[in-house]
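To keep things clear, I will list the structure first and then write my remarks on it.
The values are calculated or read from the model by the stated rules, or taken from the named source; none is laboratory data. This is a predicted model, so every value here is computed, not measured. Methodologically, a virtual Cβ is constructed for each residue, glycine included, from the backbone with ideal geometry; neighbour enumeration extends over all protein chains shown. In case anyone asks, the SASA skips ligands and DNA or RNA and just uses the protein heavy atoms, side chains included. Shrake-Rupley method; radii C 1.70, N 1.55, O 1.52, S 1.80 Å.
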Amino acid sequence: MNFVPQVATTEISDADLDNVSGGLAVAGSGGLFIETPIDSVASDLLAVATPEGVTAGVGFHTEAH
């Protein structure tokens with residue numbers, strides 16, 4: 001028996017792909033990184049706007065040396 005998954009592929013136009021993937025998006029990101037001899041701190045901000053709405057995310061990370 002062959003247990004390897006079978007995958008079928010096909011060509012898709014750019015216009016059709018825009019409809020499948022949600023179209024165009026605008027993204028912006030920024031961050032801050034501070035490192036000292038004792039520890040380091042990093043933060044990130046990401047925002048993505050599409051015709052369907054806006055998504056935002058924030059990340060924060062600390063590390064002691």
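The set of residues from region 9-28 being open to solvent by 100 Å² or more (accessible area, probe 1.4 Å) and at pLDDT 65 or above comprises 9, 10, 11, 14, 19, 20, 26.
Within region 34-52, the set of residues being free of Cβ contacts under 8 Å to residues at least 24 places away in the same chain and either part of a strand (DSSP E or B) or within 24 Å of the chain's Cα centre (by Cα) (or both) comprises 34, 35, 41, 42, 43, 44, 45, 46, 47, 48.
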